[in-house]
Amino acid sequence: MIDQIDQQVIHLLFEVRKKTVSDVGAAFQVAEKTSYKDLVTTVDKRNEQWLDRRLKEIDPGCRIISEEGFGDQVADLSGHVWIVDPLDGTMNFVIQQHRYAIMLGLFIDGQPTAGYIMDVDTATLYHGGPQSGVFLQTPTAITRLQPPANKGLHDSLVSVNSMMILKGQHNLRQVALTARGLRMYGSAGLEITDVLTGRLGAYISWLKPWDAAAGQIMAAALNLTFVKIDGTPADVLSSNSVLIATNNAAREILQLVK
């Protein structure tokens, strides 16, 4: 049953990706949510409604947590729970038309089961979980990912949420200074895929459930650390300051942050 759901979801994400790309040069509406730095578009809302509707068809009886409010009221992870980010990196989508993603995560009775991160620009889908492994899939090929090299902080590029480091939170300036270099991309999904593939050694940000779910699931499959910034387990139903990293980089970062 899970294999059938998985194949249908993969097909769905390539469909949604194709429509999202066609929207880049088209007219769409942009609104502010909490501030001028927090945007939502008609593309976010259209994608979410499409994803939520199709997930209910693919996985009858499931419940859905989704960013723009078209999902269900969910207070626990019993049964099948999907967590949906219909357009991750909306600011990038609006301003740059570059580096944005679509993300889904499936938990079954609280267990991380399947994560999906679609890099819309490159038509590359990262998907998998602890039982199946993690795969990189394009329209023409599929490759199984191996756990990235367990590099320490000194040998790693790291990505840190811009507002967290500008505000001086958690001694993150020292983390950045200790690392090989600092990067900021503006898309949680794509920064997470860079950790999954070893392009980054660590990513630190304030993440909401739809930002974190897919990455948490795939990190577990690749023996990566995924915790709150204080080192305690991340709760996928809550918003948290989150660290995803190689085990060595995570250990060094947790010694520096406060």
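The values are calculated or read from the model by the stated rules, or taken from the named source; none is laboratory data. Keep in mind that this is a model prediction, so the values were computed, not measured. Backbone-built Cβ (ideal geometry, glycine too); neighbour counts: all protein chains shown. Please note that ligands, DNA and RNA were not included when accessible areas were found on the heavy atoms of the full protein model with its side chains. Shrake-Rupley method; radii C 1.70, N 1.55, O 1.52, S 1.80 Å.
Taking segment 9-42 as the region of interest, how many residues are part of a helix (DSSP H, G or I), under 18 Å from Gln96 (Cβ atoms) and in contact with a strand residue (DSSP E or B) (Cβ under 6 Å, 6 or more places away or on another chain)? Summing the residues that are part of a helix (DSSP H, G or I), under 18 Å from Gln96 (Cβ atoms) and in contact with a strand residue (DSSP E or B) (Cβ under 6 Å, 6 or more places away or on another chain) in segment 9-42 gives 1. The criterion of at least 3 residues that are touching a Leu at 6+ places or on another chain (Cβ under 8 Å) and buried (at least 16 other Cβ atoms within 10 Å of the Cβ) is met, among strands (runs of 3 or more DSSP E) falling completely within segment 170-240, by 202-207, 225-228. Just one of the listed residues (Asp52, Asp76) is under 22 Å from Asp211 (Cβ atoms), open to solvent by less than 80 Å² (accessible area, probe 1.4 Å) and not in a loop (DSSP other than H, G, I, E, B), namely Asp52.
Residues in segment 170-192 that are more than 22 Å from Ile95 (Cα to Cα) and either β-branched (Val, Ile, Thr) or free of Cβ contacts under 8 Å to residues at least 12 places away in the same chain (or both): Arg173, Val175, Leu177, Thr178.
Please enumerate the residues belonging to segment 55-70 that are touching a strand residue (DSSP E or B) at 6+ places or on another chain (Cβ under 6 Å) and assigned to a helix (DSSP H, G or I). Lay out the reasoning, then the answer.
If we filter segment 55-70 for residues that are touching a strand residue (DSSP E or B) at 6+ places or on another chain (Cβ under 6 Å), which is where we start, we get 55, 59, 62-67.
Scanning segment 55-70 gives a single hit, Leu55.
Applying the selection to segment 107-139, what residues are open to solvent by 20 Å² or more (accessible area, probe 1.4 Å), part of a strand (DSSP E or B) and either more than 19 Å from Phe14 (Cβ to Cβ) or at pLDDT below 95 (or both)? It would help to see each step written out before you state the result.
Start the filter on segment 107-139 by keeping residues that are open to solvent by 20 Å² or more (accessible area, probe 1.4 Å), which leaves 108-113, 119, 121-122, 130-132, 135-139.
Okay, now just the ones that are also part of a strand (DSSP E or B), so 108, 111-113, 119, 135-137.
Once the filter is applied, which keeps residues that are open to solvent by 20 Å² or more (accessible area, probe 1.4 Å), part of a strand (DSSP E or B) and either more than 19 Å from Phe14 (Cβ to Cβ) or at pLDDT below 95 (or both), segment 107-139 yields Ile108, Gln111, Pro112, Thr113.
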